[in-house]
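Inspection log for the structure reproduced underneath, given as structure tokens.
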Amino acid sequence: MYDGGKIIPGLVVFVALALAPMLLGATLGQGATKPQLTLPADEKSCIESTDYMRANHMQLLVAWRDQVVRDGQRTYVASDGKEYEMSLTGTCIQQCHTKKSEFCDRCHDYASVSLNCWSCHVVPEEQKG
Amino acid sequence: MRADRRTFMKIAGLTVVGLSLRPTVDALAGGEQVESANQTAPTGALTAKRWAMVVDETKCWKDSGCTDCIEACRKAHNIPTFDDPKSEIKWIWTEQFEEVFPEQAQRLVATASLAGKPVTLLCNHCQNPPCVKVCPTQATFQRADGIVMMDEHRCIGCRYCMVACPFGARSFNFRDPRTGLDLSKANPDFPTRTRGVVEKCNFCVERLAKGQMPACVDACEEKALVFGDVEDRNSEVRKLLEARLSLVRRPELGTEPQVYYIVS
């Protein structure tokens, strides 16, 4: 190999630099801080189980959206038989997760998910303060 | 490993079978799907076969300069206010009689004297709506009860519907509507819109679902706006239409508007 004496150390330096963030992170880093969610004070459970909501809240909200707007169906019957109005602002935000910035946003920021719900749907509490 | 042609074909065949297995397994396993069956229509909602409105202008003109219906709609639906008329968002508004009913403003007909009077305009919720036909995303659709509605989630802002509507009942959000609104006074029960979508009167579907009459109808002290089911022979709108002479806008176009006007 021509210039092997330069190429091989060069490659070693390149690989070391490229891997440095991962190696440093694994050895010295503390990892990203998990999002701390503020849960509603006076409600023990969401409309469905926590696991279900964690995995499927987006599909549920999309189903709500289509049901309300396109079919005019506005009442959701949960699996435990309780009835809720299908309304993002009216039910989710006003009744439980009154601080969007401490619930929705924390997780979505952590997961780097950007939503466009709030460009139209109103968050009443947070407008004031 | 040195693969001959035969081994290669075998492996390729097995791979294809293997790949086709995944969707089958997924389909059989069912996956987690959001049930759409466990939802019901709201109780206490107002329902109709075909919603319609009668605007009794003879009552409306008694109180000239009144904008109660327009203000009520503005509040109920978070409609922004912009000074620039090109950015104006209109759900319910007024125009002069001769602009609204040009064919009624000829010099020699009885209604000619009405020139200059303000006529209350809103989406006609046509029975045969051209806006619905042209919408490429079905963002505008017609409900079973005749209401022509916008699904703002689907609107891509192409404005075909604005071209198709012969009544100018649709407005485009050229600007972020929240800049023309005081958000702290916004009605939280109704979303604002976003820049780049078309909007119009929705006959207050959200109020009908709660058993309330449209905001403009409730706000009118003269009771000039009458709302109801035209297919119901006993409804107030039907009785009014059978008793009085009424006009609709541009009947020759065949869109069959469901907003009727009593002008004399």
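For B:Thr140, the residues whose amide H sits under 5 Å from its own are B:Asp151, ignoring neighbours fewer than 5 places away on the same chain, with H placed 1.01 Å from N. Net charge within 12 Å of B:Leu122 by Cβ-Cβ distance, Lys/Arg positive one each and Asp/Glu negative one each, not counting B:Leu122 itself? Its environment carries a net charge of +3.
As an exercise, find the ratio Rg/Rh for the protein assembly as shown from alpha-carbon atoms, using the Kirkwood inverse-distance average for Rh.
On the way: Rg = 29.2 Å, Rh = 25.6 Å.
Taking Rh as the inverse mean 1/r over Cα pairs, Rg/Rh reads 1.14.
For chain A, the Cα-based Rg and Dmax, in that order, read 23.5, 76 Å.
Label zone of A:Met1 (point 7 Å out along Cα→Cβ, amide N under 11 Å): in the range A:12-53 this covers A:12.
Kirkwood hydrodynamic radius computed over the range A:50-119 comes to 13.2 Å, based on all pairs of distinct alpha carbons.
Around B:Cys161, with a cut-off of 15 angstrom between Cβ atoms, what is the net charge of the other residues, counting Lys and Arg +1 and Asp and Glu -1?
Details: positive: B:Lys90, B:Lys133, B:Arg154, B:Arg159, B:Arg170, B:Arg193, B:Lys200; negative: B:Asp151, B:Glu152, B:Glu199.
Neighbourhood net charge equals +4.
In order along the range A:79-91, phi translates into HN-Hα couplings of 5, 8, x, 6, 10, 9, 6, 7, 8, 5, 6, x, 9 Hz, rounded to whole numbers, per the Karplus curve 6.51 cos²θ - 1.76 cosθ + 1.60 with θ = phi - 60° and x for Gly and Pro. The charge dipole of the protein assembly as shown, taken about its Cα centre with unit charges on the Cβ of Lys, Arg, Asp and Glu (plus for the first two, minus for the last two), comes to roughly 1200 debye. B:Leu208 sits with roughly 0 Å² accessible to a 1.4 Å probe, with DNA, RNA and ligands left out of the calculation. Take the Cβ-Cβ distance between A:Arg54 and B:Phe82 as r, set R0 to 56 Å, and report the resulting FRET efficiency rounded to the nearest 0.05. Between A:Arg54 and B:Phe82 the formula returns 0.85. Approximating the spin labels as points 7 Å out from Cα along Cα→Cβ, the B:Glu256-to-A:Arg65 distance works out to 3.2 nm. Where does the Debye-calculated log10 I(q)/I(0) of the range A:1-56 sit at q = 0.18, 0.26, 0.27 Å⁻¹, using only Cα point scatterers of equal weight, no solvent? Log10 I(q)/I(0), no solvent term: -0.80, -1.03, -1.07. Under the convention that each Lys and Arg Cβ holds +1 and each Asp and Glu Cβ holds -1, the size of the dipole of the range A:50-119 around its Cα centre is about 120 debye.
With the simple spin-label model, which puts each label point 7 Å out from Cα in the Cβ direction, the B:Lys223 to B:Val248 separation comes to 2.5 nm. Summing Cβ point charges (Lys, Arg +1; Asp, Glu -1) relative to the Cα centre of chain A gives a dipole of roughly 300 debye. Ranking B:Ala243, A:Ser114, A:Ser79 by Cα position along the charge dipole of the protein assembly as shown, where only Lys, Arg, Asp and Glu carry charges on their C-beta atoms, puts A:Ser114 farthest toward the positive end. Note on the range B:99-222: the C-alpha convex hull projects to 10.1 nm² when averaged across all orientations.
Annotation: amide H-H contacts under 5 Å for A:Gln73 (H modelled 1.01 Å from N, sequence separation of 5 or more, or interchain): A:Val68. The fraction of accessible area contributed by carbon and sulfur in chain B is 53 percent, rounded to a whole number (1.4 Å probe; ligands and nucleic acids excluded).
Along the axis of the charge dipole computed for chain B (Cβ charges of +1 for Lys and Arg, -1 for Asp and Glu, origin at the Cα centre), the listed residues B:Phe167, B:Cys131, B:Val226 are led at the positive end by B:Cys131. With the convex hull drawn around the C-alpha atoms of chain B, the volume per residue stands at 234 Å³.
Taking amide hydrogens as placed 1.01 Å from N in the peptide plane, the amide H of B:Phe101 sits under 5 Å from that of no residue at least 5 positions away in sequence or on another chain.
Summing Lys and Arg as +1 and Asp and Glu as -1 over all other residues whose Cβ lies under 9 Å from the Cβ of B:Trp91 gives a net charge of +2.
Between B:Asp176 and B:Asp26, take the C-beta separation as r, use R0 = 56 Å, and let me know the FRET efficiency to the nearest 0.05.
Numbers: r = 42 Å, r/R0 = 0.74.
After rounding, the FRET efficiency stands at 0.85.
The peptide list B:125-132, A:92-99, put in order of mean Cβ contacts within 10 Å with the highest first, becomes B:125-132, A:92-99.
Tell me what the protein assembly as shown gives for mean residue ellipticity at 222 nm when only DSSP H runs of n ≥ 4 count, each as -39,500 (n - 2.57), the sum divided by the residue total, rounded to 500 deg cm²/dmol. Walk me through the intermediate numbers first.
On the way: 13 runs with 127 residues, N = 393.
Calculated from helices alone, the mean residue ellipticity at 222 nm is -9500 deg cm²/dmol.
For chain B, the tally of Lys pairs with Cα-Cα distances below 20 Å comes to 19, considering only residues 8 or more apart or on different chains.
For the range B:108-156, the equivalent ellipsoid derived from the alpha-carbon gyration tensor has semi-axes of 33, 12, 10 Å in decreasing order.
The values are calculated or read from the model by the stated rules, or taken from the named source; none is laboratory data. Quantities reported herein were computed from a predicted structural model and do not represent experimental measurements. We place every Cβ from the backbone using ideal geometry, glycine too, and count neighbours over all the protein chains shown. Side chains are part of the model used for accessible areas, which takes the heavy atoms of the whole protein and leaves out ligands, DNA and RNA. Shrake-Rupley method; radii C 1.70, N 1.55, O 1.52, S 1.80 Å.
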